[in-house]
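Undergrad: Once you've had a glance at the structure underneath, I'll fire off some questions.
The values are calculated or read from the model by the stated rules, or taken from the named source; none is laboratory data. Here the structure is a predicted model, which is why all the values come from computation and not from measurement. Backbone-built Cβ (ideal geometry, glycine too); neighbour counts: all protein chains shown.
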Amino acid sequence: MAKVTSKRQVTIPKAIADDYGIAPGDEIDFLAAGERIHVRAPGAGRSEIDQAERLARFDQATARQQARNEERPRHEPAARSWQREDLYERGNAG
């Protein structure tokens, strides 16, 4: 377990730094995730594709999802014999 110094610095254990390719001078990201903090190593989670390719892939995925949505039958809610207000009146001895 690492300790935080008075300057709020943390030492990364050597074994972990070696496993993830973290070297002196590298910048790492700290990501807040609810009650946890995730540490992202240099290059981790970063894509080698450029923005234009990412946008093209996003457009393709969006088109696939729209096609799936069009294939599905639309669900129409069944008619019911009660109204929301009936729930508030139920149980009241009028």
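Undergrad: Based on what the data block shows, is residue 48 part of a loop (DSSP other than H, G, I, E, B) and without any contact (Cβ under 8 Å) to a residue 60 or more places away in the chain?
TA: Numbers: part of a loop (DSSP other than H, G, I, E, B): yes; without any contact (Cβ under 8 Å) to a residue 60 or more places away in the chain: yes.
It is true that residue 48 is part of a loop (DSSP other than H, G, I, E, B) and without any contact (Cβ under 8 Å) to a residue 60 or more places away in the chain.
Undergrad: Go over the candidates 22, 37 one by one and state the one that is outside any helix (DSSP H, G or I), in contact with a Phe, Trp or Tyr (Cβ under 6 Å, 6 or more places away or on another chain) and of a type in the set (A, V, I, L, M).
TA: Sole residue among the options that is outside any helix (DSSP H, G or I), in contact with a Phe, Trp or Tyr (Cβ under 6 Å, 6 or more places away or on another chain) and of a type in the set (A, V, I, L, M): 37.
Undergrad: Right, here's the next one. Has region 6-25 got any residue that is surrounded by 10 or more Cβ atoms within 10 Å (Cβ to Cβ), aromatic (Phe, Trp, Tyr) and within 21 Å of the chain's Cα centre (by Cα)?
TA: Among the residues of region 6-25, not one is surrounded by 10 or more Cβ atoms within 10 Å (Cβ to Cβ), aromatic (Phe, Trp, Tyr) and within 21 Å of the chain's Cα centre (by Cα), which makes the answer no.
Undergrad: If I filter region 55-75 for residues that are within 30 Å of residue 2 (Cβ to Cβ) and at pLDDT 85 or above, do I get at least one hit? Lay out the reasoning, then the answer.
TA: Within region 55-75, the subset within 30 Å of residue 2 (Cβ to Cβ) is none.
Looking for residues that are within 30 Å of residue 2 (Cβ to Cβ) and at pLDDT 85 or above, one finds none in region 55-75, hence no.
Undergrad: When you go through 43, 21, 34 one by one, which is the residue that is in contact with a Pro (Cβ under 9 Å, 6 or more places away or on another chain) and not aromatic (Phe, Trp, Tyr)?
TA: 21
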